[in-house]
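Worksheet for the structure shown next.
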Amino acid sequence: MRDLKILTLLIVICYNLNAQNNNSENNIYAIKNINIIPMTKENKVIENATVLIKENKIYAINKQIPENAKIIDGIDKWLIPGLIDMHVHTLADGSPFVIYPTKGPLVSFNTQYNMTPYIANGVTTVFELGARTEHFGQRNEIIRGDVIGPRMALAKIIGGKKSNPIAKNPADGRNAVRFAKEEGYEFIKVYTWLNEETFKAVIDEAEKQNMKVIGHIPVAFKGKEAKDFFIPHFSLIAHAEELSKQTDDYSYKKAQEFARLAKKNETWLIPNLINMVSISNQAKSLENIKSSFGFEYVHPLMQSKWLTANKFEGSSTETINGFQKQTNFHTLLVKAFKEAGVPILAGTDSGISGIIWGFSIHDELRLLTEAGLSNEEVLASATRLAANWLKIDDKIGTIETGKFADLVLLEENPLVNINNTRKISGVFINGNWIDRSKIDVMLSEVEQWNNENKKEYNWKELLNNLKN
Ligand SMILES: [Zn+2]
């Protein structure tokens, strides 16, 4: 029995995409009279249904409610699968100054406070695109049940400079991939500064190691033909900006060319529209950051950085116009990729200046509808399709019996208006029920801590101390 338990634990950890241990063993929840938006391919809405949740799984739909079940009233409410943000940078100890954990953290973060904004916004899985050793630690805290947080998929960056590891030639690139695999990373993120040969070698080696590759398109390809970087197993573009950086031709025809090549190469796209929209807004005025949803939950060090050391502040009109042109082209890319039948995934780049963990997913979903996706397509981009790319669609991403209970209870129907994804009345994460009042308590703890500690965190001072 004990061996079995250890074995189970190993399987759980090896699978590596787990949210926390379920604290509510033997708990059965019944959500009554709920309208289910299952987000399966057919996505047939099941009205006025009962969903039973036992331990961390969806146990049954429309079956008799056991006597000991805790009842959640779902009347006039809507249930969607937990949201997946496919592009995040979660704060972790030491971040963002040191990439070598052995040098010790200069700044430490409270993992729960880092995770609360995700949970409060219905984000139950995140794809960490700058994963470091510390993120494994965070994930362990979540798995242990010490922290309520999302499932974390971790991608290791391999770059040509300013990264760890640095890979300057194909042999180094291949070694870096093999080492990342040994360390337990599930995915590889190729980065901007790789040279052409190393980019290709990293992707080829990742395929050999059974690791999917997401990433940037290196600047080394700028001005070259797009078919040069759409190579087999480069399977996800981290933001539309990667394509707009490759060309000065912002026509629909160009967008279609990228889309055609992506389709042929089976490369999916995270448009990450909020990124450029936010950059434009910041370039116009930093007041736009302060008024973003959720700014009060941003760690004071980041508040300080975004407001006092913001590289977009004071941009010229010409630069701002350039951002606007890029933004428009990103919209065209979404249209062209949709037209070509390339799957589109929702990702925010949370953690870069102005983009707030958890809260920003709703901005991204809205922008994707404005770019021409239907509300249902947008929801798929943050649920089923994202789970599919991560190869965990047998476990999460839809509401079906046997899947993990990662669910968001909404006050209103998001198929009618995508902004309704913000109207959250409760979240199930791995079978743990966090109702609205608990969410509010968790958020206010973060806000209070931020306010009380604001004075301690000054970005510029910290940089100066580092230099001395
Ligand atoms: Zn990023």
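For Asn210 and Thr308, FRET efficiency with R0 = 35 Å and r from the beta-carbon atoms, rounded to 0.05?
E between Thr308 and Asn210, to the nearest 0.05, is 0.20.
Measure nothing but the geometry: give the 0 to 90° angle between the long axis through the Cα atoms of 170-183 and the longest principal axis through the Cα atoms of the chain, rounded to 10°.
Roughly 20 degrees, rounded to the nearest 10.
Report the trypsin sites (Lys or Arg not before Pro) located in the range 291-353 that are in a DSSP loop and have at most 14 other Cβ atoms inside 10 Å of their Cβ, or state none. Kindly include the intermediate steps, with their values, before the conclusion.
Numbers: sites: Lys305, Lys311, Lys325, Lys335, Lys338; in loops: Lys311.
Qualifying residues, ordered by number: Lys311.
Let me check I've understood the local charge: for Ser316, count other residues with C-beta under 15 angstrom from its C-beta, Lys and Arg +1, Asp and Glu -1. What total comes out? Let's see the in-between values first.
Details: positive: Lys284, Lys311, Lys325; negative: Glu313, Glu318.
Net charge in that neighbourhood comes out at +1.
In degrees from 0 to 90, rounded to the nearest 10, what is the angle of the helix 252-265 Cα long axis to the longest principal axis of the chain?
Long axis of 252-265 versus the principal axis of the chain: about 70 degrees.
Can you work out the FRET efficiency for the pair Asp435 and Ser291, with r the C-beta to C-beta distance and R0 = 35 Å, to the nearest 0.05?
Efficiency computed from Cβ-Cβ geometry: 0.80.
Taking only DSSP H segments of four or more residues, each worth -39500 (n - 2.57), what value at 222 nm results for the chain once the sum is divided by all its residues, to the nearest 500 deg cm²/dmol? Walk me through the intermediate numbers first.
Values: 16 runs with 181 residues, N = 468.
So the helix-based figure for the chain works out to -12000 deg cm²/dmol.
Could you calculate the FRET efficiency of Ile46 with Ser316 from 1/(1 + (r/R0)^6), where r is the beta carbon distance between them and R0 is 56 Å, rounded to 0.05?
The formula returns an efficiency of 0.55 here.
Which value results for Rg/Rh of the range 394-468 when Rg is the Cα radius of gyration and Rh the Kirkwood radius based on the inverse mean 1/r?
Numbers: Rg = 19.3 Å, Rh = 15.8 Å.
Rounded to two decimals, Rg over Rh is 1.22.
What do you get for the angle between helix 2-15 and the principal long axis of the chain? Use alpha-carbon atoms, 0 to 90 degrees, nearest ten.
Computed tilt is about 40 degrees.
Would any residue of the range 288-313 have its amide N under 13 Å from a label point 7 Å out along Cα→Cβ of Trp449? List them or say none.
297-301
Considering the Cα trace of the range 305-425, what is its radius of gyration and what is Dmax, both in angstroms?
Every Cα atom of the range 305-425 included, Rg and Dmax give 16.8, 54 Å.
I'd like the antiparallel share, as a percent to the nearest 5, of DSSP beta bridges with both residues in the chain.
Here the antiparallel bridges make up roughly 45 percent for the chain.
Provide the descending list of Cα extents for the chain along its principal axes, expressed in whole angstroms.
Here the Cα extents, ordered largest to smallest, are 66, 53, 50 Å.
In Å³ and rounded to a whole number, note down the convex hull volume per residue for the Cα atoms of the range 241-346.
Dividing the Cα hull volume of the range 241-346 by its residue count gives 112 Å³.
Can you give the local net charge around Thr369? Use residues other than it whose beta-carbon is closer than 13 angstrom to its beta-carbon, Lys and Arg +1, Asp and Glu -1.
Charge balance in the 13 Å sphere: -2.
Laboratory data are not the source of any read-out in this text; all were calculated from the coordinates shown. Bear in mind the structure is a predicted one, so any value in this text is a computation, not a measurement. Positions of Cβ are backbone-derived with ideal geometry, glycine not excepted, and every protein chain shown enters the neighbour counts.
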